[in-house]
Amino acid sequence: YMCLNTGGIKKENLLSGEKTYDPAFGMEAIWVPESKRAEAERVGYAVVDPPTIIATHLTEIIRRHASDILSRQEVSSIINKVKETNPVVVEEVLNGPDKLTYGQIEAVLKALLDEQVSIRNMVVILETLANFSSITKDTWLLAEKVRQALGAQICLQYANENKVLPVLMMSQALAQKLNDHRTVIAGQKPFVAMDPVETRKYLDAMSASIAAVRDRNYLPIILCPDEVRQLVKASIEREMPNVVVISLSEVMAAGRDIKVERLGDIDVQ
């Protein structure tokens, strides 16, 4: 059985076993024989049996590649389904004065799926696109507005059973530095363009903070200002692909549904 320490086990109750890493849950784990299962559960481990592990990992693979599977035809089918119960918002998005194409909607949905954001709440997604398509047609800006509208959903996805969301806070100074080096090329996701030395210093600081959180058996979640959320995710996804990055507006949208727990701060001297 695979045993996950979700952070609440006392040091004297830690069990020995073959160490492993579970990519689906993003944390360290150990393997124990069936004879130790009851003890593991008693002291607080999340114990997962082999069939569940396989099913969970297959689901995770599909989830991580959902954006690759989504096509325009599927987007059309999804929207037609929404139209059955919410024709007004579909009409506004597709045929209103600030209408969007299926390709533009597909691009927004792919941006959400790339970061494992569920697109089941299509009514909210389409209403948000209708609200902001008069302001911008930029895929990345629209995706951020949708994320903010889905803030409660996103935060609850990562909160624990007590609805506590443990996060690493990015300093305002670092956020400003990233924003100062924002580079935008038409049709591409915004990115940070710093010199190699500064980039390495920044990535090393991020890596150290994330490693410290993982050592405490927490899923790394970075909380940062809205304007740099995409920049942070884009800057670390190659070296640290499984790190969750959420914005302040997403947390604010969750309101009293969650409580934020500050695990530490991220800054670069």
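The values are calculated or read from the model by the stated rules, or taken from the named source; none is laboratory data. Owing to the predicted nature of the structure, the values given are computational and were not obtained by experimental measurement. Positions of Cβ are backbone-derived with ideal geometry, glycine not excepted, and every protein chain shown enters the neighbour counts.
Annotations
- Residue among 69, 54, 135 that is exposed (fewer than 13 other Cβ atoms within 10 Å of the Cβ) and under 30 Å from residue 32 (Cα atoms): 54
- When residues of the range 1-47 are limited to those that are of a type outside the set (Gly, Ala, Ser) and within 19 Å of residue 157 (Cβ to Cβ), the one modelled with the highest pLDDT: 4
- Each residue in the range 126-182 was checked for being within 26 Å of residue 267 (Cβ to Cβ), within 16 Å of the chain's Cα centre (by Cα) and part of a helix (DSSP H, G or I), and 8 of them qualify.
- Test for residue 100: is it hydrophobic (A, V, I, L, M, F, W, C) and either assigned to a helix (DSSP H, G or I) or under 14 Å from residue 70 (Cβ atoms) (or both): no
- Only one of 165, 142 that is among the hydrophobic types (A, V, I, L, M, F, W, C) and assigned by TED's automatic domain parsing to the domain that holds residue 209: 165
- Checked against (1) within 23 Å of residue 111 (Cα to Cα); (2) part of a helix (DSSP H, G or I), residue 239 passes all but a single condition, namely (2).
- Within the range 183-201, the set of residues being in a helix (DSSP H, G or I) and over 28 Å from residue 110 (Cα atoms) comprises 196, 197, 198, 200, 201.
- Meets criteria (modelled with pLDDT under 95 and over 27 Å from residue 4 (Cβ atoms)) for residue 145: no
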